[in-house]
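Bear in mind these aren't lab numbers, they're just calculated from the coordinates by the rules spelled out. Fair warning: this is a prediction, and the values are worked out from it, not measured in the lab. Cβ sites come from the backbone with ideal geometry, for glycine too, and all protein chains shown count toward neighbours.
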Amino acid sequence: MVTACAPLRKAPLPAGLPREWYISHNRRLKAMRLAIALLDTGVHHPATADNGRIRETAERIGLHPPSDTTCRMVRALIRYGR
C-alpha cells in the first residue's frame, strides 16, 4: 500500500546573500515546478515547450507568468532530464 507523504517543512532562506542570489534561486524553483508540470502533461521534448505553452501551464498551476529567461530554463531542464 502506497501512502502520500506529508510535504516537507520549508526552511527560511539564508540571510545576507546578494539580491541576485534570491532572484536566481526563486527562478530555478519556478522553472523546476513548470518543467514537472509540463512533463506530467506529456511534454517530453523542449521543441514542443514554446513560451506560450509554458505560460499557459504557469497560469493553470497558479504561478505568475514566467519571463523569457525562465522559459529558457524550463526547456533546458526538459532537455537535460532526457
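Annotations
- For segment 1-60, the set of residues classified as assigned to a helix (DSSP H, G or I), in contact with a Cys (Cβ under 9 Å, 6 or more places away or on another chain) and of a type outside the set (Gly, Ala, Ser) consists of LEU34, ASN51, ILE54, ARG55, listed by residue number.
- Candidates LEU34, LEU13: the one that is within 11 Å of the chain's Cα centre (by Cα) and either surrounded by 10 or more Cβ atoms within 10 Å (Cβ to Cβ) or not charged (D, E, K, R) (or both) is LEU34.
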